[in-house]
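The values are calculated or read from the model by the stated rules, or taken from the named source; none is laboratory data. The structure displayed is predicted, hence computed values, not measured ones. Ideal geometry is used to build each Cβ from the backbone, glycine not excepted, and the neighbour counts take in all protein chains shown.
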Amino acid sequence: MELNLKRPIAFLDLETTGIKVASDRIVEISIVKIHPDGKKEIKTRRVNPEMHIPEETSAIHGIYDEDVKDEPTFRQLAKGLYQFLNNCDLAGYNSNRFDIPLLVEEFLRADIDFDIENRKRIDVQNIFHKMEQRTLVAAYKYYCGKDLENAHSAEADTIATYEVLKAQLDRYKGVEFKDKSGQVSIPVVNDINALAEFSEVNKSADLIGFIIYNDQGEEIINFGKHKGKLVSEIFNTESSYYDWMMKGDFPLSTKKVITKLKLKSSNLGNMKLF
């Protein structure tokens, strides 16, 4: 079904240096502009973010510092983008929470007030999540074909979860999955180790995910101003950060982990003296 449009709508997607709207920058922007008459215009451009792209971020989108060092900055592109998006409504995937706010932030850095008050914003992800709910009730109906009675009763929810997992094993038997790096596997198999590995979003050093492992198996910070940096590096160069975490509102299990890491980094530091 074609869109019923009264004015152009711009579908946009950003590749960035990270996920913090206030401080991260665009490294690639792609816009598909659809006109009411069905005409389609596509603009894709890489952008020099004027900052280092963290290696873990480059591993996801495949764009490295070298790839954008000779590209224009957002400030240099801003006026042209502003004109291209003039009188457009906006759409994207997770765009209301990320792409649009970060785009507006970049325009403001370039001294352009990109007004969104009079633009309609369509987030395809929100439509997806609302129509295909990710609750246990919805999962039970989807996988098991039954309505979950006594939902939010601990026992009923627990039994339903067990039944959903068994149904997932049946549904996804032999089904291929492609990860972000393009590797294909058949991950949903009747093996606890394999299921546990596939259940992980990030390999975490602590239970909550404040400290995770990078591709080299090193512990890195997964929040705040030091996100993406080695724990050992921060603890050795900014000892007050460890104290701040220990006094802060972090789970005791996380504090237990960072204490071990603090001792480990201190021992490594002492070894380097000899």
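Structure values in brief
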read-out: Members of region 169-192 found to be outside any loop (DSSP other than H, G, I, E, B) and within 25 Å of the chain's Cα centre (by Cα), listed by number; value: Phe177, Lys178, Val184, Ser185
read-out: Close pairs (7 angstrom Cβ cut-off, 6 or more residues apart or separate chains): within 11 Å of Leu136 (Cα to Cα) in region 148-159, β-branched (Val, Ile, Thr) anywhere; value: Leu148/Val137; Ala151/Val137
read-out: Unmet criterion (only one of (1) charged (D, E, K, R); (2) within 18 Å of Ile19 (Cβ to Cβ); (3) without any contact (Cβ under 8 Å) to a residue 40 or more places away in the chain) for Glu105; value: (3)
read-out: Per-region count, region 131-177, residues in contact with a Ser or Thr (Cβ under 8 Å, 6 or more places away or on another chain), surrounded by 12 or more Cβ atoms within 10 Å (Cβ to Cβ) and within 20 Å of Asp191 (Cα to Cα); value: 1
read-out: All positions within region 94-140 that are small (Gly, Ala, Ser) and outside the structural domain of Val21 (by TED's automatic domain parsing); value: Ala138, Ala139
read-out: Count - residues of region 12-26 that are buried (at least 21 other Cβ atoms within 10 Å of the Cβ) and out of contact with any helix residue (DSSP H, G or I) (no Cβ under 8 Å at 6 or more places or on another chain); value: 0
read-out: Residue within region 217-225 that is farther than 24 Å from Ala59 by Cβ, free of Cβ contacts under 8 Å to residues at least 40 places away in the same chain, surrounded by fewer than 12 Cβ atoms within 10 Å (Cβ to Cβ) and not charged (D, E, K, R) present; value: no
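Let's see how each residue does on (1) of a type in the set (Lys, Arg); (2) touching a residue at least 60 places away in the same chain (Cβ under 8 Å); (3) over 30 Å from Ser23 (Cα atoms):
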{"position": "Asp115", "(1), (2), (3)": "no, no, no"}
{"position": "Arg134", "(1), (2), (3)": "yes, no, yes"}
{"position": "Thr161", "(1), (2), (3)": "no, no, yes"}
{"position": "Asp191", "(1), (2), (3)": "no, no, yes"}
